[in-house]
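The values are calculated or read from the model by the stated rules, or taken from the named source; none is laboratory data. Computed from a predicted model, the values in this text were never measured in an experiment. Glycine also receives a Cβ, built like all others from the backbone with ideal geometry; neighbour counts cover every protein chain displayed. For accessibility, only protein heavy atoms count, side chains too; no ligands or nucleic acids. Shrake-Rupley method; radii C 1.70, N 1.55, O 1.52, S 1.80 Å.
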Amino acid sequence: MGLQMLWLVLLASVAAVLIAAPGLRRTRPNAWWCFIGYPLTVVRIWASWRRLTGTTGLAVPRRPARALLGAVIVKGVALRPVPPRLGAPRLRQGGLEVTVRLHPGQVPDEFGQFALAFAHAWRMHAVRVVGDGRGFVRLVALAWDPLAAPHVPRGARPQLLRAVVGRREDGAVWAIDLHIAPHWLIVGATRSGKSTLIAALVKQLAPQPVALFGIDLKGGMELSLFEARLSALAPDRATARRLLLELMAEAESRMALCRSAGVRAVKDLPAKLRKVPIVIIVDEVAELFLMATRDDKTEVAEIATALLRIAQLGGALDVHLVIAGQRVGSDLGAGVTALRAQLAGRVCHRVTDPGTAEMALGDLSKEALEAAQRITLAEQGVAVTFGDDGQWTRARSIHVTPEEARRVALKHARLAPAWPGLLSVPTDADDEGVYL
Ligand SMILES: Nc1ncnc2c1ncn2[C@@H]1O[C@H](COP(=O)(O)OP(=O)(O)OP(=O)(O)O)[C@@H](O)[C@H]1O
């Protein structure tokens, strides 16, 4: 009787879990994955491994395909080929990973071509093959599309000049790290998600001791959301020219300071001489380079020189550029191509003009360029970018609304260092916020 009761309770629990599972998956996907999805997938992986590696040819026969039988050579397909040894699947947020030991003669690429077969067999959204140790591959399986609704993980420790702006396709966070790539180029057609990405970037930089400058030649429409946190905002080309010349002078004075202190970078200066990092955000770069009259030509030349000089000097001097535009082609002039070469960080959203995608990714990876050209109209915020490992990946920024951007900027307005130049200076900057 006791045993029967136990069976009944067990069956009732299994039935309850099966009934509740779809609802739990919708409302609490992480909990569903931990308690239901992950154990089921582990069973599926173990149950399917032998067959899966057999049909894909990844299992290798222990015996050679020919053998000597008396005086006769016998050829054939060995029975029961041995699958590569599978480690224990480890739980990750929204997925799992498992290490596989390669048979002698196997390389990670052989597994890479069957990533889709693994994903189907295990009912996963995607499986990625990472060959990060000699003799092993790591299979990283994702339970759902991490780009569907990316968010910044709670409790992530903030680091100076590093902004977690979204998620990558492999489930890892997408970070714009100005220490690793000091300058960034962000391109994309209209409504592709550039401003949202900039908003995510500013949201992360706003609480940091960083001076933010905006150049927004759409009349300040986009960057004015953050005006409270900006040390200066240039809404037209004449003001942008003045600001860039001042910031170029600042970069040059930092260079002189480093030289006199005998160091190679601002970060190596003694604490009392150290300078606040500067991030200059340019929205719609094409407007800076357009020429209609002869006077424009001089202004454009000065702007192009200042941007290039800042880009060349800036990394070690903690003066960073984040340049965004819908159309960034070589037709804008030689200055743009020279500038592109200095912008190591690249982000390419959906583009309508092949020249712009080519400008952003063409010099780095043909596959990345093709992936960017496949981004559809519906995939707002999705972009192709490069990780710290130099590999390209698809990624999507978090969705920061204009109201949220304005709120964050106001909250951290006192951190905007006063800019002593010609441009608008936030009125409520107090001593605590002045770093320059
Ligand atoms: N990461 C995202 N997640 C969800 N929706 C997004 C995301 N990024 C952008 N969008 C949607 O796409 C719309 C357009 O985005 P955004 O204004 O950033 O594009 P844009 O490239 O800056 O356009 P424009 O060049 O015309 O200013 C936004 O209003 C938002 O609804």
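Based on what the data block shows, is E287 within 16 Å of the ligand (Cβ to nearest atom), of a type in the set (D, E, K, R), assigned to a helix (DSSP H, G or I) and in the same structural domain as D216 (by TED's automatic domain parsing)? Working first, answer last.
Details: within 16 Å of the ligand (Cβ to nearest atom): yes; of a type in the set (D, E, K, R): yes; assigned to a helix (DSSP H, G or I): yes; in the same structural domain as D216 (by TED's automatic domain parsing): yes.
Yes; evaluated as a whole, the condition is true for this residue.
Out of all the residues in region 385-401, is one or more within 13 Å of the ligand (Cβ to nearest atom) and more than 18 Å from the chain's Cα centre (by Cα)? Looking for residues that are within 13 Å of the ligand (Cβ to nearest atom) and more than 18 Å from the chain's Cα centre (by Cα), one finds at least one in region 385-401, hence yes.
Within region 156-193, the set of residues being open to solvent by 40 Å² or more (accessible area, probe 1.4 Å), among the β-branched types (V, I, T) and more than 11 Å from the chain's Cα centre (by Cα) comprises I180, T190.
When D236 is tested against the conditions (1) modelled with pLDDT under 95; (2) closer than 15 Å to V322 by Cβ, the lone failure is (2).
Is there a residue being crowded, with 17+ Cβ neighbours inside 10 Å and farther than 30 Å from A148 by Cα anywhere in region 121-129? No, there is no match, as no residue in region 121-129 is crowded, with 17+ Cβ neighbours inside 10 Å and farther than 30 Å from A148 by Cα.
Against the condition more than 16 Å from the ligand (Cβ to nearest atom) and either under 30 Å from Y38 (Cα atoms) or at pLDDT below 90 (or both), how does A143 come out, does it pass? Explain how you work it out, then say what you get.
Values: more than 16 Å from the ligand (Cβ to nearest atom): yes; either under 30 Å from Y38 (Cα atoms) or at pLDDT below 90 (or both): yes.
Yes: the conditions hold for A143.
Residues to consider are L244, L230, L308; find the one that is surrounded by 23 or more Cβ atoms within 10 Å (Cβ to Cβ), out of contact with any strand residue (DSSP E or B) (no Cβ under 7 Å at 6 or more places or on another chain) and touching a residue at least 12 places away in the same chain (Cβ under 8 Å). Outline the logic, then answer.
Numbers: L230 fails: out of contact with any strand residue (DSSP E or B) (no Cβ under 7 Å at 6 or more places or on another chain); L308 fails: surrounded by 23 or more Cβ atoms within 10 Å (Cβ to Cβ).
Testing whether each residue is surrounded by 23 or more Cβ atoms within 10 Å (Cβ to Cβ), out of contact with any strand residue (DSSP E or B) (no Cβ under 7 Å at 6 or more places or on another chain) and touching a residue at least 12 places away in the same chain (Cβ under 8 Å) leaves just L244.
Looking across region 329-362, the residues that are at pLDDT 85 or above, open to solvent by less than 40 Å² (accessible area, probe 1.4 Å) and not in a helix (DSSP H, G or I) come down to L343, G345, R346, V347, C348, H349, R350, V351.
Determine, yes or no, whether R274 is surrounded by 14 or more Cβ atoms within 10 Å (Cβ to Cβ) and free of Cβ contacts under 8 Å to residues at least 12 places away in the same chain.
Details: surrounded by 14 or more Cβ atoms within 10 Å (Cβ to Cβ): yes; free of Cβ contacts under 8 Å to residues at least 12 places away in the same chain: yes.
When the stated conditions are applied, R274 passes them.
The set of residues in region 49-79 that are at pLDDT below 90 and among the hydrophobic types (A, V, I, L, M, F, W, C) comprises V60, A65, A67, L68, L69, A71, V72, I73, V74, V77, A78, L79.
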